[in-house]
Amino acid sequence: MRALRSERVAAVLLAAAAAIGLAIANSPLGTAVLDARDAHGDTGIRVLDLSAGHWITDGLLALFFLVAAIELRHELTRGELDTPRKALAPAVAATGGVVVPALVYLAIVHDPADAVGWPIPTATDIAFALGVLALLGRGLPRRVRAFLLALAVLDDLIAIGIIAAFFTRDLAPAPLLIAVPLVAVFGWLSARRRPTGAVRGVLLVVVGVAVWVLVLTSGVHATIAGVALGLVYAPAPAGRVRHALEPWVNGVVLPLFALSASMVVIPHVKDGGLSSVFWGVAVALPVGKLVGITLGALLARAMMPAAERAVSLRGREVLVVAALGGVGFTISLLMAELAFRGDSELVASATLGVLSGSLVAIVLGGVTTAIGARRARLVPERLSS
């Protein structure tokens, strides 16, 4: 289990799972496996009548966001981003990393029917980006990881907000109104000293599952439940839960999601070449993210007082984060499925765009990280001042 806590191992497992999923979908077994993934089981409960694929994207992925939200709260309260001014920089950078890729996509995709895919390149994959940083970034100061983590979580939160606003169908407000006080109850229970042990654990699980079911019933994407619960979780028990869940998230949840989401049949390339959706996503991820995050981080740096600017990210460190920010995998694949739901050809084009754009970003981010880390090891006093 110890190996599964490694960000490097998590990134390797994600890449392997995505490659396997793509290979299976385009093999003779592809049709049968895709049918099995999309088949709905008969649970007898309408809201839980989900396919295997939806159990992964709506259920297991909520655990990933629970863990990510717990770590974000730690950084915002006790870590590298524990003041509003420190948190401002990744927030502004995340905003730039959402707006610019969306604009790049819309500049390439002119068909109004396909323009709905603009949110696809707006998200950064937390596990993949941190994995590349852990693999090649030895010597870089800790603030680089904290900045990248906060940026990735924040733009994923923005992406989830986009899902809620643009991809929610048949919104049912009543379950959401019930879920809100239950989230507060979850936070209150987690902070109490009594009851202790197993009893409190059972109560937290019951309330957490209830929140997840209510959010799912409301029509909003159920991963929002994981984010909400992670942000209100009391620090001490949240740290223990994160420690317990981390190997399962890295070793099971994320690889399963990558395997399921990458099971797309490579579309036939027509005489006109690959679709504009493919190019929009494939270009917007590495280029749009690089430009948007860099501009946002530099803008935030210019807004800082001189004293805080001295300990903020340097220009080379900003480029490391911006290049890795183009690895849009987990949420981008989810966005592709939601944006073009019902059109398998467009889903396939967008998914291939995500895989291609992320691969370019991995190479670009890996090279940038390796160069930045080498400089940091050679002149540590200048980068840590």
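The values are calculated or read from the model by the stated rules, or taken from the named source; none is laboratory data. Fair warning: this is a prediction, and the values are worked out from it, not measured in the lab. Here the Cβ is made from the backbone with ideal geometry for all residues, glycine too, and neighbour counts use every protein chain on show.
Considering only the stretch 115-139, how many residues are hydrophobic (A, V, I, L, M, F, W, C) and either within 20 Å of ARG5 (Cα to Cα) or modelled with pLDDT under 85 (or both)? Matching residues across the stretch 115-139 total 10.
Matching residues to (1) polar (S, T, N, Q); (2) closer than 19 Å to LEU245 by Cβ:
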residue	(1), (2)
SER6	yes, yes
ALA10	no, yes
ALA19	no, no
ALA25	no, no
ARG37	no, no
HIS54	no, no
PHE65	no, yes
ILE70	no, yes
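Could you please let me know if VAL253 is β-branched (Val, Ile, Thr), out of contact with any Leu (no Cβ under 7 Å at 6 or more places or on another chain), part of a helix (DSSP H, G or I) and modelled with pLDDT of 90 or more?
no
When the residues of the stretch 105-160 are filtered to those that are of a type in the set (Ser, Thr, Tyr) and touching an Asp or Glu at 6+ places or on another chain (Cβ under 8 Å), which remaining residue is surrounded by the most Cβ atoms within 10 Å (Cβ to Cβ)?
THR124
Residue count for the stretch 220-238 satisfying the condition of being surrounded by fewer than 17 Cβ atoms within 10 Å (Cβ to Cβ) and within 20 Å of the chain's Cα centre (by Cα): 0. With respect to the conditions (1) basic (Lys, Arg); (2) surrounded by fewer than 11 Cβ atoms within 10 Å (Cβ to Cβ); (3) closer than 19 Å to LEU245 by Cβ, ARG194 lacks only one, and its number is (3). Scan the stretch 60-101 for residues that are surrounded by fewer than 19 Cβ atoms within 10 Å (Cβ to Cβ) and either in contact with a His (Cβ under 6 Å, 6 or more places away or on another chain) or among the polar types (S, T, N, Q) (or both) and jot them down. Answer for the stretch 60-101, where residues must be surrounded by fewer than 19 Cβ atoms within 10 Å (Cβ to Cβ) and either in contact with a His (Cβ under 6 Å, 6 or more places away or on another chain) or among the polar types (S, T, N, Q) (or both): THR77, THR83. Within the stretch 61-110, restricting attention to residues that are of a type in the set (Val, Ile, Thr) and touching a Pro at 6+ places or on another chain (Cβ under 8 Å), the residue that is modelled with the lowest pLDDT is THR77.
Checking each residue in the stretch 324-343 for being over 18 Å from ILE293 (Cα atoms) and modelled with pLDDT of 80 or more picks out LEU333, LEU334, MET335, ALA336, GLU337, LEU338, ALA339, PHE340, ARG341, ASP343.
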